[in-house]
Amino acid sequence: MAFEIQFKTNGVIVRWTEAISSELIQKANEEIWNRQDWPNFEFEIWDFSEVTSSDVSRKSAMDFAFLDNAATKSSKPHRKIAIVVSSHLKPNAINSYSETAEQLDFEMRVFGSLSEARAWLGVLS
């Protein structure tokens, strides 16, 4: 499987390996959304640092930002989203997501390492 989901008490970490696609990201989202406790999550970490390639389009990335915006607004407290990317991953989709998130005004940041993302979120392990 290209992703692994780790549910924490107050959030979720999604670790990606291999190639990613919009379909796989949607599948991961559905697994998270199907949990009864997901509205109470305070954070999401999407770790793409081990991804080998991506065919996620700019349009799909923008669509995911709109979906995440709705999810963060329905959460209590408002959820923060951290994205971890490696330097070799093509930035188009990440940039589209980030720019859309900024316009929609939900808390999201892009990091170069998982430890930086955890520090921003206050997540120890």
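The values are calculated or read from the model by the stated rules, or taken from the named source; none is laboratory data. The structure presented is a predicted model; accordingly, all values stated were derived computationally and were not measured. Note: ideal-geometry Cβ built from the backbone for every residue, glycine included; neighbour counts use all protein chains shown.
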Query raised in the report: Would you pick out the residues in the stretch 1-49 that are surrounded by fewer than 13 Cβ atoms within 10 Å (Cβ to Cβ), in contact with a Ser or Thr (Cβ under 6 Å, 6 or more places away or on another chain) and within 25 Å of Gly122 (Cβ to Cβ)?
Result: Pro39
Report summary line: Apart from one, (1) modelled with pLDDT under 80; (2) on the phi > 0 side of the Ramachandran plot; (3) not β-branched (Val, Ile, Thr) all hold for Gly122; the odd one out is (1)
**Report entry** Whichever residue in the stretch 105-125 is out of contact with any helix residue (DSSP H, G or I) (no Cβ under 9 Å at 6 or more places or on another chain) and crowded, with 19+ Cβ neighbours inside 10 Å and, among such residues, is nearest to Val14 (Cα to Cα)
**Finding:** Ala117
Query raised in the report: Glu102 versus (1) in contact (Cβ under 8 Å) with a residue 12 or more places away in the chain; (2) at negative phi; (3) surrounded by fewer than 20 Cβ atoms within 10 Å (Cβ to Cβ): which is the lone unmet condition?
Result: (1)
Query - Filtered residues of the stretch 1-20 (kept if within 17 Å of Asp68 (Cα to Cα) and small (Gly, Ala, Ser)) - result: Gly11
**Report entry** Flag for Ala28 being touching a strand residue (DSSP E or B) at 6+ places or on another chain (Cβ under 6 Å), in contact (Cβ under 8 Å) with a residue 24 or more places away in the chain and in a helix (DSSP H, G or I)
**Finding:** yes
**Report entry** Contacts under 8 angstrom Cβ, first residue in the stretch 106-125 being assigned to a loop (DSSP other than H, G, I, E, B), partner β-branched (Val, Ile, Thr) and surrounded by 15 or more Cβ atoms within 10 Å (Cβ to Cβ), 6 or more apart
**Finding:** Phe106/Thr72; Phe106/Ile81; Glu107/Thr72; Glu107/Ile81; Gly112/Val84; Gly112/Val85; Ser113/Val84; Val123/Ile45
Query - Boolean, Val56 is in a loop (DSSP other than H, G, I, E, B) and buried (at least 20 other Cβ atoms within 10 Å of the Cβ) - result: yes
Query raised in the report: Since Ala61 meets every condition but one in (1) exposed (fewer than 15 other Cβ atoms within 10 Å of the Cβ); (2) within 14 Å of the chain's Cα centre (by Cα), which condition does it not meet?
Result: (1)
